[in-house]
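Below is one structure, written out as structure tokens; comments come after it.
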Amino acid sequence: HFQLFIDFLKDDKLIMTLLITIFGWSKLAHILTEKVSEILAQDFIEGEIAIGKSKLEIAVQNLVPHMIPSLIVLFFLEIAMVLQLMAQIGIFGMFLSGGYVNADGDLNVPFEFDWASMLIFAYMFFGTDKIYLVLFPAAAFAVSIIVFNLFGEGLRLEFEKRTSRVITFIRRIPSYL
């Protein structure tokens, strides 16, 4: 059983995933707790309690439909935050399969590269004609982070409208099931 734990710690990408999960869940849980408290403080929840609905019925019929838009927005915003964290980890060369330089000075590069791993070698390409090898993954990170943030914020603005057809459709989904 202990060997399984040792094998897990040898894989850099699993360690990075574990760290992102451990340090990222508390903020997300706090946001969701605030949203649930906000929904439970609404007048219609008191009406649901007054007519005798159980806590499970209130959760399924009222909490879930009101939480779905927030969860969708948080999903896209969290993707952008994870991409930003991966870029930062890539710049510092931590926990990624970026290859290494051996004692002879030869660069050993793995067969599979990801954007963050390509950022590790930034120091090697500055001042050379191969600077594009760093600029392309950096630009890919930047564009992806901007797109996910804008998409998440656009969804948030749409969901906050009183006349949003999308939010009306999303809140009706549990009744279709």
* Go through the range 43-99 and give me each residue that's at pLDDT 85 or above, over 20 Å from the mean Cα position of the chain (by Cα) and either open to solvent by 70 Å² or more (accessible area, probe 1.4 Å) or closer than 15 Å to Leu32 by Cβ (or both). => Asp43, Phe44, Glu46, Ile49, Ala50, Ile51, Lys55, Leu56, Glu57, Ala59, Leu63
* To do: Say whether the condition of being in contact with a Phe, Trp or Tyr (Cβ under 9 Å, 6 or more places away or on another chain) and at pLDDT 80 or above is met by at least one residue in the range 16-35.
  => no
* Asked: In the range 19-42, how many are open to solvent by less than 60 Å² (accessible area, probe 1.4 Å) and basic (Lys, Arg)?
  -> 1
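Quick one: how many residues across the range 121-177 are modelled with pLDDT under 75 and touching a Phe, Trp or Tyr at 6+ places or on another chain (Cβ under 9 Å)? Give the steps one after another, and end with the answer.
Step one: list which residues in the range 121-177 are modelled with pLDDT under 75, which gives 121-127, 167, 170-171, 173-177.
When the remaining residues are screened for being touching a Phe, Trp or Tyr at 6+ places or on another chain (Cβ under 9 Å), the result is 125, 167, 170.
Within the range 121-177, residues that are modelled with pLDDT under 75 and touching a Phe, Trp or Tyr at 6+ places or on another chain (Cβ under 9 Å) number 3.
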* **Residue, surrounded by the most Cβ atoms within 10 Å (Cβ to Cβ), within the range 112-136, restricted to residues that are free of Cβ contacts under 8 Å to residues at least 24 places away in the same chain and assigned to a helix (DSSP H, G or I)** => Val134
* Asked: Is there a residue in the range 137-159 that is out of contact with any strand residue (DSSP E or B) (no Cβ under 8 Å at 6 or more places or on another chain) and surrounded by fewer than 10 Cβ atoms within 10 Å (Cβ to Cβ)?
  -> no
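The values are calculated or read from the model by the stated rules, or taken from the named source; none is laboratory data. None of the values given here were measured: they were computed from a predicted structure. Here Cβ is always computed from backbone atoms with ideal geometry, including for glycine, and neighbour counts include all displayed protein chains. Side chains included, ligands, DNA and RNA excluded: accessible areas come from the protein's heavy atoms. Shrake-Rupley method; radii C 1.70, N 1.55, O 1.52, S 1.80 Å.
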